[in-house]
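Read through the structure below, which is laid out as structure tokens, and then see the notes.
Where a number appears in this text, it was derived from the coordinates with a stated rule and is not lab data. These numbers come from a predicted model, not from an experiment.
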Amino acid sequence: FAQDVRINGWTSVGDKPERGYIVYDCAIRTKEGTTIHAHKRYSDFDELETVLRRTLPRSQRHFVPVLPPKSPLSRYRPAFLDRRRRLLQSWLSAVLLHPDVGGSKAVRVWVMS
């Protein structure tokens with residue numbers, strides 16, 4: 001399904017920190033050469049991890065790495081967000097570029113939603 005995965009950056013959404021959230025710009029290049037931009041919150045990554053661990057055959061679940069942890073106190077600090085962006089990119093690459101996991105229905109639904 002995917003040939004390359006990048007998280008190009010992040011954007012803070014909302015005018016108040018207590019109500020705001022961060023959105024990551026995921027650029028996914030398919031094997032056909034099309035680039036899909038998916039804007040995802042951390043909770044979207046968390047949901048994908050949960051769905052994959054629930055729906056993949058047991059023999060494939062170990063291919064899904066552990067998601068980087070949340071850190072509510074640091075969530076708006078640029079240094080933290082850049083580190084999280086890099087960790088999420090590694091996580092998403094491991095998932096989407098895996099020949100079995102990356103082709104799963106859960107991944108396709110997540111990318112397109």
Problem - Residue-averaged 222 nm ellipticity for the chain, from DSSP H runs of 4+ at -39500 (n - 2.57), nearest 500 - result: -12000 deg cm²/dmol
Problem - Contour minus Cα-Cα distance for Gln60 and Asp4 (0.36 nm per residue) - result: 18.1 nm
Completion exercise
Restricting to lysines and to Cα separations under 29 Å from Lys31, and discarding same-chain partners fewer than 8 apart, the set is Lys40, Lys105
Practice task
Could you give the C-alpha radius of gyration of the chain expressed as a fraction of 2.2 N^0.38 Å, taking N as the number of residues it contains?
Solution key: 1.07
Exercise for the section: Pop out the Kirkwood hydrodynamic radius of the stretch 67-113 from its pairwise C-alpha distances, inverse of mean 1/r, in Å to one decimal. Expected result: 12.0 Å
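Quote to one decimal, in nm, the extra length available between Asp15 and Lys70 on full extension: 0.36 nm per residue of separation minus the C-alpha distance between them. Could the numbers behind the result be given before it?
Working: separation 55, 0.36 × 55 = 19.80 nm, distance 2.11 nm.
Stretched fully, the Asp15-Lys70 segment lengthens by 17.7 nm.
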